[in-house]
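Below: one structure, written as structure tokens.
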Amino acid sequence: MQRYFHEELEQIRSKLIRMSEKAREVGQLALEGFVECDLKKAERALVMDDEIDALEVEIDRDAVRYITLRGPVSSDVRLILVAIKASHDIERVGDEAHSIAKRTSSILRREGKVFQPVAIAEMGEIAFSMLGDAITAFIEGDLELARSIVHRDSEVNRLNRENYKTLSSELDGDLDNELGEASTQIKIIFISKSIERIADHAKNLAEEVIYLQTGDYYNS
Amino acid sequence: MVTKTNSSLKECTPIIEVSELDFAYGSTQALFNVSMDIYEKQVTAFIGPSGCGKSTFLRCFNRMNDLIEVAHTKGGNIKINGVDINKPDVDVIELRKHVGMVFQKSNPFPKSIYDNIAYGLRIQGIKKKEILDQVVEECLRSAALWDEVKDRLQESALGMSGGQQQRLCIARALAVKPRILLMDEPCSALDPVATAKVEELIHELKKNYTIVIVTHNMQQAARVSDRTAFFYLGKLIEYDATDTIFMNPNNEQTEAYVSGRFG
């Protein structure tokens, strides 16, 4: 029997999907800003984070209200718990995207372009495909897709480690030469780290989908 | 003492206005200086421990307490649609037509399902079969019972399940076209499925009726009501939007009661 207040649960779910799509859009825009040396894209991404933050607050408030007034159990309470945890992960994706956009903007304003010696684009592609699949897995309740996401995180971690190694060795040389270049290398290290964190949050989302569907915590 | 709500709910028209009501059974005072407005087409829940006066207060709205010899209003007044209902010239039968009541235990008449609904109309002198048929169907539909009983309207109401009987009593109350429905623990004798059906019904009925419900089940108050009033020892402790009462009440006693730390 569908109760009148189950619609409120559906609204929470819709807000979570909207928030996820928004975070993915901002993240991809920030990444494109870096990869394509496009200052406009980076600066557009900078101002898109606020809506994500507002949605997190709304989801939190709706979730607390639903728990208090509706007494959810079973899959309903799991959805509420996942909404709270996932919205936090998604908000962090938004923050990382903001961070990428801010650093890209800073580099482009000073240097006009980004010299890209490392695998940022490749990392971004994997991280955002993980995020997109996690959203799809949530929408469609696709357990297999969710499980497949978890293992893809290790490749992003490997690329990030390689990036760090390359950039930090270049950094040793740059410090002896020019402070500006060293600053750019440091910013790219942080951008690489932000993408690695986005993949971590996508993995968390996938694990939350698995919990939502099965009631079990995924142990990778 | 809290008298008005500071709720974020949209502005509504008060249909019941209670001002400084003192009520007693003989020398025992049951309600102390209660003031509150109850709003049209909303569900208002009264909660509080046994003996706090919530049922007494509910029964003041259709003067059901008149049936208890020692019960009397000591002070204050209750206005419904601006009329002081305790004034001597008020017709109590007419008042109870406008302010229907559903009790804790379902109490269908030992008659057919059809006759239970038609009873109120017949004693008003309405005998025309077409009108009675129409009202019976309307009321049973409003009480979400029509589909379950349309093929056995002439069977005894006593053969219905507990949940169906309670919804029949709600349908019977609707037959005389009240504006306000008082519900005194309407689900306390029902199983969870029947309770859910009555709660769904309350949610639907508030589109057309003002509902005041007394319940011991706090989750039920949280689920069905727009506003909640907490009573303790005959006093109105806090009255506000249900969201506020259950999520962030202003009074420590309310907080203790709704969080189960009371007593």
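The values are calculated or read from the model by the stated rules, or taken from the named source; none is laboratory data. It should be emphasised that the depicted structure is a prediction, and the values quoted were computed from it without experimental measurement. So basically every Cβ, Gly included, is an ideal-geometry build from the backbone, and we count neighbours across all protein chains shown. With ligands, DNA and RNA removed, areas are computed over all heavy atoms of the protein, side chains included. Shrake-Rupley method; radii C 1.70, N 1.55, O 1.52, S 1.80 Å.
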So the A/B interface buries, both sides summed and with a 1.4 Å probe, an accessible area in Å² (nearest 100) of 1100
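Counting Lys and Arg as +1 and Asp and Glu as -1, each charge on the Cβ, what is the dipole of region B:190-260 about the Cα centre in debye, to the nearest 20?
220
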Return the loop-located trypsin sites (Lys or Arg not before Pro) in region A:82-130 (DSSP other than H, G, I, E, B) with at most 11 other Cβ atoms within 10 Å of their own Cβ; answer none if there are none.
-> A:Lys113
Label A:Ser129 and A:Glu144 with points 7 Å out from Cα along Cα→Cβ: what is the distance between them in nm?
-> 1.8
Which ³J(HN,Hα) values in Hz, rounded to whole numbers, follow from the phi angles of region A:197-205 under the Karplus curve 6.51 cos²θ - 1.76 cosθ + 1.60, where θ = phi - 60° and Gly and Pro get x?
-> 5, 4, 5, 4, 5, 5, 5, 4, 4
XL table B:Lys97/B:Lys128; B:Lys177/B:Lys207; B:Lys128/B:Lys207; B:Lys79/B:Lys177; Cα-Cα > 23 Å flagged, in table order, is B:Lys128/B:Lys207
Kindly write out, for region A:23-28 in residue order, the coupling ³J(HN,Hα) from the Karplus curve 6.51 cos²θ - 1.76 cosθ + 1.60 (θ = phi - 60°), rounded to whole Hz, with x marking Gly and Pro.
-> 5, 5, 4, 5, x, 5
Probe 1.4 Å, protein heavy atoms only - accessible area per residue of chain A in square angstrom = 47
Mind checking which lysines have their Cα closer than 30 Å to the Cα of A:Lys193? Skip sequence neighbours fewer than 8 apart in that chain.
-> A:Lys15, A:Lys22, A:Lys40, A:Lys41, A:Lys85, A:Lys102, A:Lys113, A:Lys165, A:Lys203
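Can you pull the Rg over Rh of chain B, Cα-only, Kirkwood? Working shown, then result.
Numbers: Rg = 18.5 Å, Rh = 19.0 Å.
My calculation of the ratio gives 0.97.
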Calculate for the protein assembly as shown the 222 nm mean residue ellipticity that helices alone would give, adding -39,500 (n - 2.57) per DSSP H run of length 4 or more and normalising by residue count, nearest 500 deg cm²/dmol.
-> -19000 deg cm²/dmol
Projected onto the charge dipole of region A:6-214 (unit charges on the beta-carbon of Lys, Arg, Asp and Glu, signs +1, +1, -1, -1), the Cα from A:His98, A:Val150, A:Tyr66 with the largest positive-side position is that of A:Tyr66
Based on a Kirkwood Rh over C-alpha pairs, give the Stokes-Einstein translational diffusion coefficient of chain A at 10 °C and viscosity 1.306 mPa s in µm²/s.
-> 87
What FRET efficiency do you get for B:Lys41 and A:Asp50 if R0 is 45 Å and r is their Cβ-Cβ distance, rounded to the nearest 0.05?
-> 0.75
With springs only between Cα atoms under 10 Å apart, run a GNM on chain A and tell me which of A:Ile67, A:Ile52, A:Ile188 wobbles the most.
-> A:Ile67
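What does the charge dipole of region A:6-214 about its Cα centre add up to, to the nearest 20 debye, if the Cβ of each Lys and Arg holds +1 and the Cβ of each Asp and Glu holds -1?
Values: 28 positive and 42 negative charges, 35 e Å.
Magnitude of the dipole: close to 160 debye.
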Of the heavy-atom accessible surface of chain B (probe 1.4 angstrom), what whole percent is carbon and sulfur?
-> 49
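For A:Asp216 and A:Ser106, what does the FRET efficiency come to when R0 = 41 Å and r is the distance between their Cβ atoms, rounded to the nearest 0.05?
Given R0 = 41 Å and the Cβ-Cβ separation, E is 0.40.
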Could you give the nm distance between label points at A:Phe115 and B:Gln104, where each point is 7 Å from its Cα heading toward the beta carbon?
-> 8.5
